[in-house]
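Okay, so here's the structure we're looking at.
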Amino acid sequence: MGVEGFVCWTAHSINDRTELRRVLNAQLPAGTRALREAREAGLLDGTSLRPRGLAAAHEFAARSDLPMAGPSDAVADFSALLDGIRAAADAGRPLTVEAVPDGFDRVDPTVDRFDRAYHTVNVAKEYPGGAEVELNYRSRDPSQPGEAKPNRSTAILWLRGDVDHEYDHRREWVEG
């Protein structure tokens, strides 16, 4: 994650596209190509950091002993939850509480829908700098009485509050 982390750290520090390209071309032999590769890897959206890119930037800053403004603990927890959601969706299974990092508090859902049993994971954590990570997940049986359909999972993950960029990730999948 060396070059990609540097690209993400630089993109976090420089908001202007032209300036970002100029700095990367001056610092890296393959400056613009490294920017394109970071986009293709899903770390950047244009020049804005995606959650994995923000985590890569923080990782690069920590390894290099460089300053990095922003909520590194919140980013790490957001990335861990994002990885858990992706793993559950790719495997076609429900998300379990084992995917939740330590320190999260249970949040009661605000809406009770129907009278069916739901498997839910609703957790949130606030960080000293004012950042917040929240996960709302549910696995539900969409079938009507007398029919059998596989359960559907729905996950919404937020990174918000006092952060440079707020992120949300939404994913639905069929359990199988």
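Could you compute the net charge surrounding Arg171? Neighbours are other residues with a C-beta less than 14 Å from the C-beta of Arg171; K and R count +1, D and E count -1.
That sum, taken over residues with Cβ under 14 Å, equals 0.
Given the DSSP H assignment, sum -39500 (n - 2.57) over each helix run of at least 4 residues in the chain and divide by its residue total; what's the result at 222 nm in deg cm²/dmol, nearest 500?
-12000 deg cm²/dmol
Once label points are set 7 Å from the Cα along Cα→Cβ at both Val23 and Asp102, what is their separation, rounded to one decimal in nm?
Computed distance between label sites Val23 and Asp102 equals 3.5 nm.
Which of these values of log10 I(q)/I(0) by the Debye sum over Cα atoms at q = 0.10, 0.14, 0.18 Å⁻¹ was calculated from the structure shown: [x] -0.48, -0.83, -1.23; [y] -0.47, -0.79, -1.10; [z] -0.37, -0.76, -1.33?
[y]
Arg93 to His165: FRET efficiency via 1/(1 + (r/R0)^6), r the Cβ-Cβ distance, R0 30 Å, to the nearest 0.05?
Efficiency computed from Cβ-Cβ geometry: 0.50.
Kindly point out which whole DSSP H helices in the chain project their C-alpha atoms 27 angstrom or further along the helix axis while averaging a Kyte-Doolittle hydropathy of 0.5 or above.
Span-like helices in the chain: 72-91.
Sort out the exposed loop trypsin sites (Lys or Arg not before Pro) in the chain (DSSP loop, at most 10 other Cβ within 10 Å) and tell me the longest stretch that has none.
1-112
Relative contact order (percent) for the chain, with alpha-carbon contacts under 8 angstrom and 6 or more residues of separation?
It comes to 17 percent, rounded to a whole number.
Which is the longest run of the chain containing none of the GluC sites (Glu not before Pro) found in DSSP loop states (not H, G, I, E, B) with at most 15 other C-beta atoms within 10 Å?
Formally, the longest exposed-site-free interval is 1-146.
Tally up the carbon and sulfur contribution to the accessible surface of region 1-156 as a whole percent, 1.4 Å probe, everything protein left in place.
47 percent
The values are calculated or read from the model by the stated rules, or taken from the named source; none is laboratory data. These numbers were taken from a predicted model, which means no experiment stands behind them. Using ideal geometry, Cβ is built from the backbone for each residue, glycine included, and neighbour counts are taken over all protein chains shown. To get the accessible areas, we keep the full protein, side chains included, count just its heavy atoms, and leave off ligands, DNA and RNA. Shrake-Rupley method; radii C 1.70, N 1.55, O 1.52, S 1.80 Å.
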